[in-house]
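To start, the structure itself, in structure tokens.
The values are calculated or read from the model by the stated rules, or taken from the named source; none is laboratory data. Quick caveat: nothing in here was measured; it's all calculated off a predicted structure. Here Cβ is always computed from backbone atoms with ideal geometry, including for glycine, and neighbour counts include all displayed protein chains.
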Amino acid sequence: MQIEMSRRKFLQGTVAMSVVGGTTISATNLFASNDTHDKKLTITTKTGAAKEVKNIATLCEMCVNKCAAIARVEDGVVTKLDPNPMFPKSKNMLCPRGNAGIQALYDPDRLKYPLIRIGEKGEGKFKRVSWDEAYEAILNGTDKFPGVAKILDEEKDNRSTFLFCAGEGMAEHTFKTLFSAFGSANWLNHSSICLQTVASAYGVTLGAYPQADLDNAEYIIMAGANRAEAIVTPDTMDAFKRTKGRGAKLICIDPRFTNTAAKADKWLAINPGTDLAFVLALTYVVLSEELYNKTYVAENFNGFDEYKKSVIDNQYTPEWAEKITNIKAEDIYQIARDFMAYAPKAVYYPGRRSTFSNNDFQLRRAMAIFQGLGGGIDTKGGLIFGKRLELGAHEGLEPIYARAEARAVDSSESHKGHSGYADCAVVTDGGSWIGWRNRFLEDRMPYKVRGMFCYKHNPMMNMPNTKKTAQMLKKMELVVAIDTMPSDTVMYADVVLPECTYLERTDPVNTFGGVEPSIAQRNKVVDPMFETKPIIDIMRGLTEKISKPLFEISKKHDEDLQDELANLGEEEIVSEDGNTTKTAPTMTKEEREAEVYAEFDLTKPFKHSQEEINAHMVESVYGKEAVEALNKNGVFYPNMDKFYKALSVNEYQYYPEKEKAYSVNGGKPKTPSQKVECNLANLAKKGVDPMPIWKEEYLFNVPEGKFKLLTGRHAQFTQSGTANNIVLRDLMPENYIWINKRIAKERGIAFGDRVEVLSKTGSVTIKAYPTEKIAPNQVFFIHGFGAESEALTWAYKNGGNDNTVIEDIIESVYGAASMHETNVEIRKV
Amino acid sequence: MARYGMALDYKNCINCKACEVACKEENGILMGADKHRIWVGVKEIEGEYPFLSIVSSSFEPSQCQHCDDAPCQEVCPTNATYYDENGVVRVNAEKCILCSYCMNACPYDARYVDDRTMTVDKCNFCSDTRLARGETTTACQNTCPTKVRTFGDLDDPNSEISELLRTREHFSLKSHLGTKPKLFYLT
């Protein structure tokens, strides 16, 4: 084995650091290796002869896809990540981020030890402490911040005084188990800054958020989705092997010329936020020319006649849409006719992305209905629901706290003349992040929320209006952050608990539904470095510290609990003459307390190791062999030994064709009515249009001299989570703002010039990339750059953070953040 | 003994650069945009928004062509560049004196300087890493999401690459130079 000097030094440092444990280390160098801003790009590996080589099957966590990987471990060092071909979802591939996962493990800036804040909030000054001291600080606070016990006592055991929030991941479930046991009603996750509107709109229209069978579709409309850059497996692999006249015709609709546009057969530049008009016009053509699948519609649609009448009466013609969308009427006619000619093997791709515009929910409804008109639902080459392999259950804990209040939602009877909530119509489990944050800042909460637990989540970078998020974190009296990296959010924490990276832990086993369903497991590749721990161990340690003291607080304030403790085991006996006597309690006080405490024992869900929990969940359904297969291969499904085989050096068979779950519901939607729901009267009660219609307020509009700010993803980074990855940074050193070449020339802006981007919310300075791939009245830059945490050597002040300038505009149905509704000014600096 | 070559279904390429990272991680290549054995060529798009030419914006994955008649080998004064037993064009770092004749001679710009050894480096089809361990694929092929590459023995009529080249139309880069590349682009 040959390892470059810098890495060897780093690894040796690891050992040394854990030995010197208790010696004095100043607050500033706790995060990084010696030279914080030494930007030498020299960390690379080369494999060679090692004494011991192990190949361990695991799952990637560089983004949300969870692709299967095989880690090569040479003498205890991970030297290479290769694709694991056995997983039907990721089909023998690892993207650039998957390959760069080694650098997440060996990032010198990783959080290494538990920390508690000693400076001002947000200043980033911390003291290294032991795990026990960190847990103690969470429970009882320090001179700088109050602990959970004090806050809960003052709030009389209202558990909802703590917010729990988490980023997406396989272990989110483990953290959420603490949330349930703790008893708060305030849970927030990525959904309202991610796929809330698309998932929900397909949910209410088709009964589920479907997958697309891009392996067999012959015609694909990909609008506002960028699968060549925002990789989703298996969609990305399936789609682009067949475009360009090779079996699948791909129509890309996007304001920008993306890599997906480059791989498409046709690209149509649409005005941002006007896709709904485009879909309504497609629908108009199909309805007026009677191109839809009449049998399918007759059998599987609810409210078709009303919707047809609405679309026809409103005259959503291609000529009407051309003015709104900037897509030629003739193209709209052609696409509508082609789509229906190829249907049911035609897909209007649902996509998986943030909400861009305020009409996103209605857009997704219109797309789902349009798909249904061709009959391409629950069928090969169309949208599919797929099959899911069930897993066994495992124990959770949900005590009833009488004092805990309901979710902090601002309900309003007068909201637009109907019942509902003040900032959105529907509140889901994932909540509305920016709605919640803004209510909290504006003191519109029904009770005080004073602390938060934040797992693998970076609100400072992940949601619009960074300034407000900073205010929220400062106002929060106790912030506990669990993370692998010293992110911008971690800088605002009072207690920092360092989680190990995905290569150092086994995560909850998961089931992956689809045409080719399977179960997969992230297996630990190497032991956790430094003093980091997997989330389940952190939950175990934390709950062992806080469970009993918090129970005492409940005892003090919770009358139901007091009653139960006093009277458990008591029986009332009513004698024949009507007198009631009570038996003496059959249990001692201690026995009663033990029995009641068992219902409130927060440590209970975390007693077993993740490996034990996984084995139990799998073995109870599929037997011991399945457990062994998951430990060895990372992947299991029934009959895998018979079905799985190599077809070529690149391709594998997972299921024979006749075993694939293209159709699981007889071609019908999965709504309770088993029909495509065109007209949802119950939405009207909440002030939401029951059918997708166009409104004047949706028009694309940019004041003269300003630009619509677009944001997006690409294949080399995942949001802010990978911003400090040295290998990925090697591929793309920073983000640039796309500005139309002719406009840039007019304004004297050349490639690499620094420009200030200014909105109502804030400003960022970023380098310019003049290009014809964007319209003259729009600008774009990639999300995830511009971190402000000095503890991130390579990400610190590298490029611009889009959320500094994106305004916090709340989508009205689910309270999602509308990311493409901000106009900005640009000025060369 | 084999004669290794590679077929590239280049229209599959989405320019994600997984191959570049896999190559760097597998072969211990230095960081830095100018240090690479493998790359994806991108052209500036033609036209004015929204009238852009999709065909002008193709992605061209490339690396050393492992020419049967390699100009780099011909000009090397110390025989540092040589053909190994599998027809792979290799560099012997011990013999390289960094005269850089090979870098100038290569029509494909496939060579760069490794600052650690101060010698010229280039793609070697993972000969000293993956192939030496008994693997049958290169790192770039193995990791590719859209499976652009098929690596194999051109002399073996049963190999997948031989079958591909018999059944799919293909071209070589700068074939007029007579270098006889062993990278084949499938159309």
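Miscellaneous remarks
Residue-wise test of (1) over 19 Å from the mean Cα position of the chain (by Cα); (2) of a type in the set (Asp, Glu); (3) crowded, with 22+ Cβ neighbours inside 10 Å; (4) not in a helix (DSSP H, G or I).
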position	(1), (2), (3), (4)
A:Asp423	yes, yes, no, yes
A:Val427	no, no, no, yes
A:Asn438	yes, no, no, no
A:Arg444	yes, no, no, yes
A:Tyr447	yes, no, no, yes
A:Cys454	no, no, yes, yes
A:His457	no, no, yes, yes
A:Ala481	no, no, yes, yes
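- The single condition among (1) more than 22 Å from A:Tyr652 (Cα to Cα); (2) surrounded by fewer than 24 Cβ atoms within 10 Å (Cβ to Cβ) that A:Met62 does not satisfy is (2).
- Among the residues of the range B:45-59, not a single one is β-branched (Val, Ile, Thr), in a strand (DSSP E or B), in contact (Cβ under 8 Å) with a residue 12 or more places away in the chain and in contact with a Lys or Arg (Cβ under 9 Å, 6 or more places away or on another chain).
- When the test is whether a residue is crowded, with 24+ Cβ neighbours inside 10 Å and over 32 Å from the mean Cα position of the chain (by Cα), A:Tyr348 does not pass it.
- On inspection, A:Glu133 does not qualify as surrounded by fewer than 18 Cβ atoms within 10 Å (Cβ to Cβ), without any contact (Cβ under 8 Å) to a residue 40 or more places away in the chain and farther than 21 Å from A:Glu531 by Cβ.
- The single residue among A:Glu544, A:Glu591, A:Glu611 that is touching a residue at least 24 places away in the same chain (Cβ under 8 Å), among the charged types (D, E, K, R), assigned to a helix (DSSP H, G or I) and farther than 30 Å from A:Leu389 by Cβ turns out to be A:Glu544.
- Failed condition for A:Ala264, given (1) more than 21 Å from the chain's Cα centre (by Cα); (2) farther than 21 Å from A:Gly376 by Cβ; (3) in a loop (DSSP other than H, G, I, E, B); (4) modelled with pLDDT of 95 or more: (2)
- A:Gly207 meets all of the listed conditions (1) farther than 24 Å from B:Glu60 by Cβ; (2) touching a Pro at 6+ places or on another chain (Cβ under 6 Å); (3) within 11 Å of chain B (Cβ to nearest Cβ) but one, namely (3).
- Entirely in the range B:89-187, the strands (runs of 3 or more DSSP E) that have 3 or more residues that are within 14 Å of chain A (Cβ to nearest Cβ): B:149-153
- Residues in the range A:786-798 that are touching a residue at least 40 places away in the same chain (Cβ under 8 Å) and surrounded by fewer than 24 Cβ atoms within 10 Å (Cβ to Cβ): A:Glu788, A:Glu790, A:Thr793, A:Trp794, A:Tyr796, A:Asn798.
For (1) under 21 Å from A:Tyr342 (Cα atoms); (2) more than 9 Å from chain B (Cβ to nearest Cβ); (3) of a type outside the set (Asp, Glu); (4) in contact with a Gly (Cβ under 7 Å, 6 or more places away or on another chain), each residue gets a yes or a no:
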residue: A:Met237; (1), (2), (3), (4): no, no, yes, no
residue: A:Arg246; (1), (2), (3), (4): yes, no, yes, no
residue: A:Ala262; (1), (2), (3), (4): no, no, yes, no
residue: A:Trp267; (1), (2), (3), (4): yes, no, yes, no
residue: A:Phe278; (1), (2), (3), (4): yes, yes, yes, no
residue: A:Tyr284; (1), (2), (3), (4): yes, yes, yes, no
residue: A:Ser288; (1), (2), (3), (4): yes, yes, yes, no
residue: A:Val297; (1), (2), (3), (4): yes, yes, yes, no
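- Among (1) within 12 Å of chain A (Cβ to nearest Cβ); (2) touching a strand residue (DSSP E or B) at 6+ places or on another chain (Cβ under 8 Å); (3) under 26 Å from A:Asp238 (Cβ atoms); (4) surrounded by 21 or more Cβ atoms within 10 Å (Cβ to Cβ) - the single one B:Asn12 does not satisfy: (2)
- Pair list, Cβ under 6 Å, 6 or more apart: the range B:79-90 residue over 11 Å from B:Asn124 (Cβ atoms), other residue assigned to a loop (DSSP other than H, G, I, E, B): B:Ala80/B:Asn92; B:Ala80/B:Lys95; B:Ala80/B:Cys96; B:Glu85/B:Met1; B:Gly87/B:Arg3
- Filter result for A:Ala775 (among the small types (Gly, Ala, Ser) and out of contact with any Asp or Glu (no Cβ under 9 Å at 6 or more places or on another chain)): yes
- Hits in the range B:52-88 (condition: among the aliphatic types (A, V, I, L, M) and more than 9 Å from chain A (Cβ to nearest Cβ)): B:Val55, B:Ala70, B:Val75, B:Ala80, B:Val88
- Among (1) more than 14 Å from chain B (Cβ to nearest Cβ); (2) touching a Lys or Arg at 6+ places or on another chain (Cβ under 6 Å), the one test that A:Arg110 misses: (2)
- From B:Ala2, B:Ala18, residue being more than 14 Å from the chain's Cα centre (by Cα), at the interface with chain A (Cβ under 9 Å from one of its Cβ atoms) and in contact (Cβ under 8 Å) with a residue 60 or more places away in the chain: B:Ala18
- Number of residues in the range A:750-762 that are within 17 Å of A:Glu734 (Cβ to Cβ) and surrounded by fewer than 22 Cβ atoms within 10 Å (Cβ to Cβ) equals 6.
Rundown of residues vs (1) more than 11 Å from every other protein chain (Cβ to nearest Cβ); (2) within 15 Å of A:Asn633 (Cβ to Cβ); (3) without any contact (Cβ under 8 Å) to a residue 12 or more places away in the chain, yes/no style:
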residue: A:Arg72; (1), (2), (3): no, no, no
residue: A:Pro83; (1), (2), (3): no, yes, no
residue: A:Met86; (1), (2), (3): yes, yes, no
residue: A:Leu94; (1), (2), (3): no, no, no
residue: A:Asn99; (1), (2), (3): no, no, no
residue: A:Ile116; (1), (2), (3): yes, no, no
residue: A:Lys121; (1), (2), (3): yes, no, no
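- Residue match in the range A:318-331 (condition: within 25 Å of A:Thr197 (Cα to Cα), buried (at least 18 other Cβ atoms within 10 Å of the Cβ) and in contact with a strand residue (DSSP E or B) (Cβ under 8 Å, 6 or more places away or on another chain)): yes
- Selected residue [at pLDDT 95 or above and small (Gly, Ala, Ser)] from A:Ser812, A:Ser789: A:Ser789
- Residues in the range A:501-530 that are of a type in the set (S, T, N, Q) and closer than 11 Å to A:Gly634 by Cα: A:Thr506, A:Asn510, A:Ser518, A:Gln521, A:Asn523.
- Tallying residues that are touching a helix residue (DSSP H, G or I) at 6+ places or on another chain (Cβ under 9 Å) and free of Cβ contacts under 8 Å to residues at least 60 places away in the same chain within the range A:329-342 yields 7.
- Which numbered condition A:Lys642 fails, given (1) touching a residue at least 24 places away in the same chain (Cβ under 8 Å); (2) part of a helix (DSSP H, G or I); (3) under 30 Å from B:Leu164 (Cβ atoms): (1)
- Subset of the range B:36-51 (residues that are facing chain A (nearest Cβ under 9 Å) and modelled with pLDDT under 90): B:Glu44
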